Structure formats: C-alpha cells, structure tokens
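The values are calculated or read from the model by the stated rules, or taken from the named source; none is laboratory data. Note that the coordinates shown come from a computational prediction; the quantities given were computed from them, not determined experimentally. Don't worry about glycine lacking a Cβ; one is built from the backbone with ideal geometry, like all the others, and counts go over all protein chains shown.
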Amino acid sequence: MMIERRALVGAVVLGLCIAVAGLLVWGFAAPYHQRLFFTFLVNLIAVVGLQVFMGNSDITHFGHVGFMGISAYVTAILATPVAVKRSALATAPFGVNTFELSPLVAVLFAILITLAVAFLVGLMMVRQAGIAATIATVAFLVIVHVVVMNWVDLTRGPRAFYGIPPKATIGWAVATAFGAIVLARAFRDSRWGLQLRASSEDVAAASAVGVPIRKLRFAAWMLSAFIMAVAGALFTLFVGTISPKSFYFDLTFLTIAMLILGGMHSVTGAVVGCVIVTAGVETMRFLESGPVFAGAKLPEMFGLTGFFLGLVIVLSMAFRPSGLLGSDEIDDIWHRRRLRKAGVEVS
Amino acid sequence: MEYLLQQSMNALSLGGEYALLALGLAIVFSVMGLVNFAHGDMITFGGYAMFLVAAGMGIANPALLLPVGVLSVVLFAMFLEKVAFKPVRGAPPTTGMLTAFGVSILIQNVALIFVGTRAKSVPTMDFLISNVTIGSVRIPVVQILETAVTVIAIALLVVFLRRTTIGMAMRAAARDVSTVRLMGVRADRVIATAFAISGFLAGLATVFVLARRGAVDPFMGFTPVLKAFVAAVIGGFGSLPGAVIGGLVLGVAEVMMQVVLPESMAGFRDAFIFTAVGVLLLVRPQGILGERPDFGEKS
C-alpha cells in the first residue's frame with residue numbers, strides 16, 4: 001500500500017498527541033485518572049476501528065462491540081490462571097481450565113478467533129445493501145451477547161469473569177492507539193480506501209471504473225474487526241474482570257456517538273469526537289450521582305449519561321450530519337491553511 | 001394434533017405481532033426512506049401512557065386503557081415525525097437512521113430519569129389473559145385476538161392503500177416521491193399519514209405486548225422491534241407484503257425452535273434464529289421479496 005507522505009505525517013502527529021498525553025498521565029496523574037485515561041484509550045482504539053469500516057464503506061455498523069466481546073472473552077478464558085479457573089470455570093468444556101497461556105499468546109489466539117468469526121460474518125455482510133447490512137450488524141451483536149450469556153460453562157454467563165491477570169499498562173495502550181491511528185489512516189488514504197470511499201458515494205460509477213466493491217468492503221470489515229479485537233483484549237487485560245454487559249449496547253452507543261460527533265469519514269474526527277464525548281460523559285457521571293453544587297444538593301439523575309449520548313447523536317445529525325470535521329484530516333486542515341497563506345483560493 | 005394446534009396458534013400470534021411492527025417500519029421506509037430505530041420506543045411510550053392514565057387518573061377499567069394505548073402511540077409517532085425526522089427529510093439514509101437511533105436512546109433515558117428502571121405494572125383486561133377451551137385444546141384469548149386483529153389490520157391497510165387517494169399517493173411515493181409532489185400531492189400529508197399508520201400498527205402491538213407482559217419498563221421496546229427489523233429483512237426491506245411474510249416466517253421459526261431445542265439450549269434460541277437468517281441472506285441477499293442489492297454489475 002502506497003500512501004501519501006502528508007497522510008502519514010498527519011497520522012503520526014495525531015498519534016504523538018496521544019503519546020504526549022499518555023506520558024503526562026503516566027507521570028503525574030492519580031491512579032483514578034490513570035484508569036480513566038486507559039478506558040479513554042480503549043474507547044479511542046474502538047472508535048478508530050469502527051471508523052475503518054463505517055467511515056470508508058458508509059455502512060452504519062452497530063456490531064463492532066461484538067468483536068471486542070469475543071476477543072475479550074477468549075483472552076480471559078485463555079490467560080486466567082488455572083488456580084482461578086478451577087473454581088470459576090469448574091465445568092468448562094475443551095479442558096480450558098487445565099492450562100493457562102501467557103497473556104501475549106492468549107491475545108494472539110483471541111485475535112485469530114475474532115478474525116475467524118469476522119470472516120464468516122463478513123461473507124454475508126458484503127452481499128447486503130446498506131440497510132439490511134446495518135440490521136445484520138445489530139443481529140450479530142445480539143448473537144454474541146446471547147452466546148456469552150448462555151454458555152455458562154465457558155463464560156460464567158451473566159456473572160462476572162474475574163481473576164484475569166491485569167498485565168496491560170498505559171504504555172501498551174498508548175502504543176496500540178498509535179498503531180491503530182496509523183493503520184486506519186494508511187487504509188483510508190491508500191488506493192483501496194479511496195476506491196471504497198468512492199464506491200460509497202456512487203456505487204455504479206465506482207464499479208464502472210473497475211472498483212472491486214465487495215472485496216474492499218470485506219477488507220475494511222476485517223481490518224476493523226482486527227482493531228476491535230485488540231481493543232477488547234487490551235481492555236480485559238487491564239480491568240481484570242469482565243461481564244457480558246461490558247460489551248453490549250452501552251458501549252455501542254458511546255462509541256457511535258463519539259464517531260458521529262467527530263465525523264465518521266475522518267480518523268482525526270474519530271479522535272476529536274472521542275475526546276469531547278469522554279469529557280461530556282465524565283461530567284454527566286458527576287451530575288448523575290447527585291453532587292452538592294453551590295450549597296444545594298442536586299437530585300440523583302440516573303440516565304443522564306445516556307440522555308447526553310442520545311442528544312449528541314440527534315443534534316449532530318440535525319445540524320452537522322458529517323460531524324465536526326467532515327471529511328477533513330488534521331493534515332488537510334494544515335494544508336489548506338498553508339495554501340491560503342500562499343494566497344491560493346481554496347474552497 | 002392438539003399440541004400442533006396450540007403451537008401453530010402460538011406461531012401465528014407471535015408472527016402477527018412481528019408483522020404489525022415490521023409493516024409499520026416498512027411503510028415509513030417506503031415513503032421517506034427512514035429506518036426508524038425509534039419504533040420500539042413508541043411501544044414503550046404507549047405502555048407508559050397507559051400506566052400514567054391508569055395510575056394518575058385512577059381509571060381502573062382496563063377496557064378504557066386500550067384506546068389510550070393505541071391513540072397515544074399514533075400521536076407520539078406523528079409528534080416524532082414533526083420534531084425529530086422532519087429536519088433530516090431528504091438526507092442520506094444513514095443520517096435518518098442515526099437520528100432515529102439517537103431519538104431511541106433519548107426516549108429510553110428520559111423514561112429512565114423520570115420514571116426509573118423498575119418495571120411498572122399496567123392493568124390488563126381479565127378476558128385477555130384467560131383461555132378458551134376448544135375441544136381439549138386451551139388457547140389464550142390474547143393469541144386469538146392478536147391473530148384476528150393482525151389479519152383485520154392488514155386487510156384494512158390493503159383497502160386503504162388501494163382505494164383511497166392518499167393511500168394511492170403513498171404507494172406512488174414509495175416509487176418516486178418527486179413525481180408524486182409534481183402531481184400536486186403534499187409530501188407533508190403523505191409522510192404524516194405514513195407515520196400515523198405506522199403508529200397505529202405499533203399501538204395495536206403495544207396493547208398485546210402489554211397484555212402478555214403486564215408491565216412496562218424503559219427498554220421493553222427493543223426486543224420486539226429488533227425482531228421486526230429482522231422480519232423486515234427476511235421479507236425484503238421496504239416491501240410491505242415482505243414485512244408480513246417475514247413476520248410470519250420469524251414467528252413460526254421461533255416457535256419451532258422452542259419446541260425443538262432442549263431446555264438447556266433454550267437460551268440460545270435467538271442466536272440460532274439470527275444465524276439462520278444470516279445463512280438465508282447469504283443465499284438470497286435481497287430477502288424473500290426484496291430487490292437485489294445493486295453493486296453495479298451484470299447479474
């Protein structure tokens with residue numbers, strides 16, 4: 001894949017912003033804020049992963065969190081120490097409670113299994129028109145949830161899966177986020193990404209000039225699933241305890257709102273949306289708990305966070321359907337500014 | 001034989017419920033291209049309206065609650081159209097769909113903030129939850145009524161779409177909105193009617209969903225409408241006969257699964273059904289009655 005140097009520079013700068021923020025948090029922040037930042041990074045990776053499929057193919061994807069869930073559970077099942085599994089998964093099939101893998105190997109397996117599932121689902125996905133495809137992604141998320149909830153022997157069902165070695169560090173998360181951003185930009189600005197984006201604007205024209213739409217859609221789908229799988233594994237290895245609820249509609253709403261606010265056609269937009277929505281959600285969580293404000297005790301308002309996310313989506317769609325950044329990446333903005341300074345008329 | 005009769009009644013009534021909801025989705029989609037993810041929350045709204053009228057106005061007679069349920073959903077559907085979906089009219093389908101998705105989250109969380117997570121009970125009419133015995137077969141009244149109401153509603157809808165001017169305008173709008181407007185039909189009226197019908201069908205479903213559950217909670221609309229969406233995709237998204245067929249197919253498949261699956265596997269039912277739908281779509285991407293998705297290639 002050949003990509004323009006400008007796009008690569010833009011991606012690296014964006015990644016470096018995250019890295020600098022990571023260094024500051026790692027060096028100076030309190031443990032609570034470190035956890036917050038880690039969650040932010042996992043969400044960021046997930047939003048970038050979502051962008052790879054949604055932003056390039058223009059098909060709304062509600063099932064991305066399902067891939068995170070698969071990867072998270074496979075990692076948990078393989079990496080948890082036998083001592084824990086013997087009691088927590090006493091009746092586990094395939095003898096998974098008789099061995100444990102090092103976290104890194106477990107993550108590799110998790111990614112492979114997630115990709116295998118993505119492959120099968122992808123075969124069906126690429127044949128659908130946009131809307132049926134979207135509904136299929138919702139159905140996929142429900143399938144994953146139903147299986148995790150009901151395969152009690154393997155996943156502990158609705159109860160929490162605990163005892164996963166918390167090996168992930170902020171450093172790993174920063175590196176992964178950096179990698180995800182570069183990968184997403186590399187795909188978006190490659191020939192394939194451009195062709196896929198063209199096909200989402202005009203199917204007939206794109207296919208008339210020989211764009212292999214289904215193949216490219218499939219490629220975006222797999223790359224997206226890969227990034228989601230990494231996000232899921234990272235999350236698991238940081239928090240140490242997961243439950244099916246962690247990978248269901250709450251996280252779907254959150255990541256979709258982030259991507260839409262920032263602008264789904266742009267990786268920079270995904271990052272910007274993630275930052276803004278994270279700040280908003282934390283504020284809402286604070287208000288939700290009924291804090292004392294200027295001497296007055298505010299009422300507890302459970303549901304405020306969800307309300308905020310819904311509002312973000314509805315207002316974005318009503319006033320700025322292509323998101324804050326539209327199709328602009330960070331380097332597009334610089335480039336235009338430079339041209340303007342040089343006195344060139346730009347639209 | 002009796003067992004078979006009972007189960008087919010099960011399948012028919014469940015399929016009828018899905019068909020009512022899927023039809024509502026398909027009508028709105030065919031007229032304005034909107035995938036209404038907030039359809040399920042209209043059910044929730046109807047449920048809360050019934051609850052508030054019952055609890056707040058002290059109306060103990062459940063018979064009076066039935067029109068409240070249907071009417072409130074119709075009004076709410078038309079309200080949503082004016083407030084939320086008018087700004088995105090004519091926008092790309094993704095914009096409309098995501099708006100509806102956002103509206104759905106908003107409604108759920110407003111219910112969460114003001115009414116709370118706990119389910120609220122809604123009184124139902126006694127005869128709805130009673131059983132009729134035919135020979136040696138006991139069939140719940142709600143199932144018979146639901147099947148009958150579905151059939152009548154579909155028949156009325158067919159008459160409406162074929163015989164009335166606005167109905168014909170709606171069918172025409174499904175093909176080509178701009179030509180319909182050139183003929184002097186107001187788009188506003190066509191779309192408002194589509195939402196009213198969609199709300200009416202959802203309102204009927206609300207009454208039956210509540211008769212079964214007896215309680216309302218903020219997320220109750222999600223599962224029935226997900227099923228309705230899947231039903232619409234099975235039938236071919238946007239096709240009205242497809243919505244009905246899809247609903248029935250899904251209803252039959254669910255009841256069959258329930259019969260076939262051993263108890264230890266019962267929880268996996270929806271996973272099996274959705275996977276089966278996925279396989280169906282692999283073979284026939286356009287659903288049963290839909291049009292082939294266009295990838296701009298020769299077939």
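Condition check ((1) buried (at least 20 other Cβ atoms within 10 Å of the Cβ); (2) of a type in the set (S, T, N, Q); (3) under 20 Å from A:ASP250 (Cβ atoms); (4) more than 8 Å from every other protein chain (Cβ to nearest Cβ)) across all residues:
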{"site": "A:ALA296", "(1), (2), (3), (4)": "no, no, no, yes"}
{"site": "A:GLU300", "(1), (2), (3), (4)": "no, no, yes, yes"}
{"site": "A:PHE307", "(1), (2), (3), (4)": "yes, no, yes, no"}
{"site": "A:VAL314", "(1), (2), (3), (4)": "yes, no, yes, no"}
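Screening A:GLY280 against (1) within 13 Å of chain B (Cβ to nearest Cβ); (2) closer than 24 Å to B:VAL83 by Cβ leaves a single unmet condition, (1). Tell me which residues, restricted to segment B:89-115, are over 22 Å from the mean Cα position of the chain (by Cα) and under 17 Å from B:MET220 (Cβ atoms). Correct list: B:LEU112, B:ILE113, B:PHE114, B:VAL115. Scanning segment A:20-54 for residues that are of a type in the set (A, V, I, L, M), assigned to a helix (DSSP H, G or I) and surrounded by fewer than 20 Cβ atoms within 10 Å (Cβ to Cβ) yields A:VAL20, A:ALA21, A:LEU23, A:LEU24, A:VAL25, A:LEU36.
A single entry from B:LEU64, B:LEU5 fulfils the requirement of being in a helix (DSSP H, G or I) and in contact (Cβ under 8 Å) with a residue 60 or more places away in the chain: B:LEU5.
Picking from residues in segment A:155-166 that are buried (at least 22 other Cβ atoms within 10 Å of the Cβ) and closer than 27 Å to A:ILE256 by Cα, the one that is farthest from the other protein chains (Cβ to nearest Cβ) is A:PHE161. Restricting attention to segment A:316-336, the residues that are in a helix (DSSP H, G or I) and more than 9 Å from every other protein chain (Cβ to nearest Cβ) add up to 7. In the set (1) out of contact with any Ser or Thr (no Cβ under 8 Å at 6 or more places or on another chain); (2) touching a residue at least 40 places away in the same chain (Cβ under 8 Å); (3) farther than 30 Å from A:ALA129 by Cα, B:GLY69 fails one condition alone, (1). Residues considered: B:SER130, B:SER121, B:SER104. Of these, the only one that is touching a Gly at 6+ places or on another chain (Cβ under 8 Å), at pLDDT below 85 and either within 28 Å of B:VAL53 (Cβ to Cβ) or among the aliphatic types (A, V, I, L, M) (or both) is B:SER121.
Among all positions in segment A:252-273, there is no residue which is out of contact with any Leu (no Cβ under 9 Å at 6 or more places or on another chain) and part of a helix (DSSP H, G or I).
Rundown of residues vs (1) assigned to a helix (DSSP H, G or I); (2) among the aromatic types (Phe, Trp, Tyr); (3) at the interface with chain A (Cβ under 9 Å from one of its Cβ atoms); (4) within 14 Å of B:ALA26 (Cα to Cα), yes/no style:
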{"site": "B:VAL233", "(1), (2), (3), (4)": "yes, no, yes, yes"}
{"site": "B:GLY242", "(1), (2), (3), (4)": "yes, no, no, yes"}
{"site": "B:LEU250", "(1), (2), (3), (4)": "yes, no, no, no"}
{"site": "B:GLY267", "(1), (2), (3), (4)": "yes, no, yes, no"}
{"site": "B:ASP270", "(1), (2), (3), (4)": "yes, no, yes, no"}
{"site": "B:LEU280", "(1), (2), (3), (4)": "yes, no, no, no"}
{"site": "B:PRO285", "(1), (2), (3), (4)": "no, no, yes, no"}
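Considering B:ILE273, B:ILE245, the condition of being of a type in the set (A, V, I, L, M), surrounded by fewer than 24 Cβ atoms within 10 Å (Cβ to Cβ) and more than 30 Å from B:ARG171 (Cβ to Cβ) is satisfied by B:ILE273 alone.
When the helices (runs of 4 or more DSSP H) confined to segment B:83-189 are screened for residues that are within 14 Å of chain A (Cβ to nearest Cβ), those reaching at least 2 such residues are found at B:93-114. From the list A:PHE99, A:PHE67, A:PHE40, A:PHE62, the one residue that fits, being more than 19 Å from A:VAL142 (Cα to Cα) and in contact (Cβ under 8 Å) with a residue 24 or more places away in the chain, is A:PHE40. When the criteria are applied in full, B:MET42 fails the requirement of being modelled with pLDDT under 90 and of a type in the set (A, V, I, L, M). (1) over 30 Å from A:LEU23 (Cβ atoms); (2) crowded, with 21+ Cβ neighbours inside 10 Å; (3) of a type outside the set (Lys, Arg): which one isn't true of A:ALA173, the others all being true? It fails just one condition, (1). From the list A:VAL146, A:VAL152, A:VAL203, which one is surrounded by fewer than 17 Cβ atoms within 10 Å (Cβ to Cβ) and more than 15 Å from the chain's Cα centre (by Cα)? None of the others qualify; the one that does is A:VAL152.
Cβ-Cβ contacts under 6 Å between residues 6 or more apart (or on different chains), taken from a first residue in segment A:202-218 that is at the interface with chain B (Cβ under 10 Å from one of its Cβ atoms) and on the phi > 0 side of the Ramachandran plot to a second residue that is assigned to a helix (DSSP H, G or I) and surrounded by fewer than 17 Cβ atoms within 10 Å (Cβ to Cβ), are absent.
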